[in-house]
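Participant: Dropping the structure in here first, questions after.
The values are calculated or read from the model by the stated rules, or taken from the named source; none is laboratory data. Here the structure is a predicted model, which means the values were calculated and not measured. For neighbour counting, all protein chains shown are included, and Cβ atoms are generated from backbone atoms with ideal geometry for every residue, glycine included.
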Amino acid sequence: MVDKFAPGEATSFGNAGVLAECGCVPVNLPGFVSKVPQLMLDPQGPLSISAGYMHRIAPWGISFMLNSRRSKFEQVADAMSSLLSGATARHVALAAEHGASDWVCASPYYYLYRDETDFMADRTAWQAREQRGITYDILQGDGLAQAEPAIAEEYRYAVSLHGHGFSRNPEKLVKALAASFVEKGGELVQAEIRDVIVEDNQPVGLLTHKGVLPVSKLVVAAGVWSRQLAARFDRDIPLQSERGYHVEVHNPGISLQQPIMYAAGKLVATPVENGIRFAGLVEFAELDSLPDRNFCHRLLYHARRLFPTICLDDFTEWMGNRPSMPDSLPVISRSENFSDVFYAFGHQHMGLTLGPHTGELIADLVSGARPGVDLQPFSISRF
Ligand SMILES: Cc1cc2nc3c(=O)[nH]c(=O)nc-3n(C[C@H](O)[C@H](O)[C@H](O)COP(=O)(O)OP(=O)(O)OC[C@H]3O[C@@H](n4cnc5c(N)ncnc54)[C@H](O)[C@@H]3O)c2cc1C
């Protein structure tokens, strides 16, 4: 395994840590297009596009919008559901096998609304989840206040999803799995891959700043940076960074029992090892441009509104790159042109949740076993 950083130090470092089996529903629900202006104009809203990036994001954005039509939405939800089913059980079993059980647990996952009217405004998403076997209870009023006393009185309605889970430290989870990989005989090389050497239409070496590393079969799983590596073998694919942010509040003075999605703000509050992590929002900007701290201020604004007694004196900030495809589906596939090259990237908002299943599916592809799900929707050839 070759990575320019140590394990779990890129996007997997700072995500919200939720094992979100309910994530079969893409962001661009039918009707999403009409909501975009409102999302972007709200100064505390979840979406921004930097001015100089508008023209660059346009082709991806148009394709993303077109994928919100009803028929496409149903196909995406079915395909995602086939990957997401059993995600928490997979994580818990994998962690148990590899000494990482401290860093994942099963738990409910709450979606928080002000009231039933706000919940009903999301009914397309909830119907789609129900049709795909996602189950939940509704918590209201005192029931919700007893379960999570720190939530502001203004929010009186929550969906409590069954069969979900979370990680109290996604970085430590990835590091524990990587340590077990090494203990069992795997090799980790910390090096930047600058090119892939190809002979007779197959990859034979990775050109790194530490020299050439021989390779016979290659799996490209480099998050948003996979685009450049994949272009070496196949046509350019529309992989885009959806930048997201977190603020991790230490000594918050309140506690949470489970992760809570604030549906209107598109952000999650997760109880983590060192406090509460508020993570989410979407920014489209140049991949290597500096983080915009305004997004962290938005997260803090929502933290205060959701939990009025929270202490926000001590916090850290972070930005990461969700690797996102315009059809909201990852690429889990053999290369179109090179039989010994495979792809596992583009997991957008669901990369933590889908890690173990993606690993199993790629292992099947590489070893010639029959994958347990239909991988056609995730093929690199779909573009
Ligand atoms: C704010 C936020 C909240 C999120 N919340 C959740 C959540 O609650 N649940 C969930 O399931 N998902 C969540 N996600 C999404 C999830 O974090 C990502 O989908 C996931 O981290 C992607 O993992 P990855 O391994 O594909 O990419 P990364 O974690 O970005 O890893 C890519 C790796 O490739 C390496 N690399 C790249 N190019 C090269 C090269 N040339 N040579 C060597 N190495 C290279 C990098 O060093 C890096 O380590 C969230 C994301 C964000 C931003």
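Participant: Quick one: is Ala269 farther than 30 Å from Ala145 by Cβ and either free of Cβ contacts under 8 Å to residues at least 60 places away in the same chain or hydroxyl-bearing (Ser, Thr, Tyr) (or both)?
Facilitator: Values: farther than 30 Å from Ala145 by Cβ: no; either free of Cβ contacts under 8 Å to residues at least 60 places away in the same chain or hydroxyl-bearing (Ser, Thr, Tyr) (or both): yes.
So Ala269 fails the test.
Participant: When you scan the range 75-87, how many residues do you find that are surrounded by fewer than 17 Cβ atoms within 10 Å (Cβ to Cβ) and either modelled with pLDDT under 95 or not in a helix (DSSP H, G or I) (or both)?
Facilitator: 1
Participant: To continue, here is another question. Would you say Phe307 is modelled with pLDDT of 95 or more and surrounded by fewer than 22 Cβ atoms within 10 Å (Cβ to Cβ)? Talk me through it step by step, then tell me what you get.
Facilitator: On the way: modelled with pLDDT of 95 or more: yes; surrounded by fewer than 22 Cβ atoms within 10 Å (Cβ to Cβ): no.
Criteria not met by Phe307.
Participant: Please specify each residue of the range 330-345 satisfying the condition of being crowded, with 22+ Cβ neighbours inside 10 Å and either farther than 18 Å from Ser82 by Cβ or touching a Gly at 6+ places or on another chain (Cβ under 9 Å) (or both). First the steps, then the outcome.
Facilitator: As a first pass, look at the range 330-345 and keep what is crowded, with 22+ Cβ neighbours inside 10 Å: 330-333, 341-345.
Hits for the range 330-345 are Pro330, Val331, Ile332, Val341, Phe342, Ala344, Phe345.
Participant: Output the number of the condition that Ala145 fails; it satisfies all remaining conditions of (1) within 30 Å of Ala285 (Cα to Cα); (2) among the hydrophobic types (A, V, I, L, M, F, W, C); (3) free of Cβ contacts under 8 Å to residues at least 24 places away in the same chain.
Facilitator: Of everything listed in (1) within 30 Å of Ala285 (Cα to Cα); (2) among the hydrophobic types (A, V, I, L, M, F, W, C); (3) free of Cβ contacts under 8 Å to residues at least 24 places away in the same chain, Ala145 misses just condition (1).
Participant: Quick check on my filter: what residues within the range 316-329 are of a type outside the set (A, V, I, L, M), surrounded by fewer than 23 Cβ atoms within 10 Å (Cβ to Cβ) and within 15 Å of the ligand (Cβ to nearest atom)?
Facilitator: Selection gives Thr316, Glu317, Trp318, Gly320, Asn321, Arg322.
Participant: Mind telling me which of the residues Arg235, Arg227 ends up being out of contact with any strand residue (DSSP E or B) (no Cβ under 8 Å at 6 or more places or on another chain) and assigned to a helix (DSSP H, G or I)?
Facilitator: Working: Arg235 fails: assigned to a helix (DSSP H, G or I).
When all the criteria are applied, what remains is Arg227.
Participant: Restricting to the range 37-72, name every residue that is touching a strand residue (DSSP E or B) at 6+ places or on another chain (Cβ under 7 Å), under 19 Å from Ala263 (Cβ atoms) and either among the hydrophobic types (A, V, I, L, M, F, W, C) or free of Cβ contacts under 8 Å to residues at least 40 places away in the same chain (or both).
Facilitator: Across the range 37-72, the qualifying residues are Leu39, Met40, Leu47.
Participant: Among the numbered criteria (1) surrounded by 15 or more Cβ atoms within 10 Å (Cβ to Cβ); (2) on the phi > 0 side of the Ramachandran plot, which single criterion is violated by Gly31?
Facilitator: (1)
Participant: If you check every pair at least six apart or on different chains, which have Cβ atoms under 8 Å apart with a residue in the range 291-318 that is over 17 Å from Met40 (Cα atoms) and acidic (Asp, Glu) first and a residue that is at pLDDT 95 or above and assigned to a helix (DSSP H, G or I) second?
Facilitator: Glu317/Cys296
Participant: Of all residues in the range 40-66 being outside any helix (DSSP H, G or I), within 19 Å of the chain's Cα centre (by Cα) and not small (Gly, Ala, Ser), which is surrounded by the fewest Cβ atoms within 10 Å (Cβ to Cβ)?
Facilitator: Initial filter on the range 40-66 (outside any helix (DSSP H, G or I)): 42-50.
Filter once more, keeping what is within 19 Å of the chain's Cα centre (by Cα): 46-48.
Okay, now just the ones that are also not small (Gly, Ala, Ser), so 46-47.
Values: Pro46: 21, Leu47: 18.
Looking at residues that are outside any helix (DSSP H, G or I), within 19 Å of the chain's Cα centre (by Cα) and not small (Gly, Ala, Ser), I get Leu47.
Participant: Moving on. State all residues of the range 287-304 that are surrounded by fewer than 15 Cβ atoms within 10 Å (Cβ to Cβ), under 30 Å from Pro59 (Cβ atoms) and more than 19 Å from the chain's Cα centre (by Cα); if no residue qualifies, say none.
Facilitator: Residues satisfying the conditions are Asp288, Ser289, Leu290, Arg293, Asn294.
Participant: Return the pair list, or none, for Cβ contacts closer than 9 Å from residues in the range 329-345 that are closer than 16 Å to Arg227 by Cβ to residues that are of a type in the set (Lys, Arg) and in a strand (DSSP E or B), at least 6 apart or on different chains.
Facilitator: Val341/Arg334; Phe342/Arg334; Tyr343/Arg334
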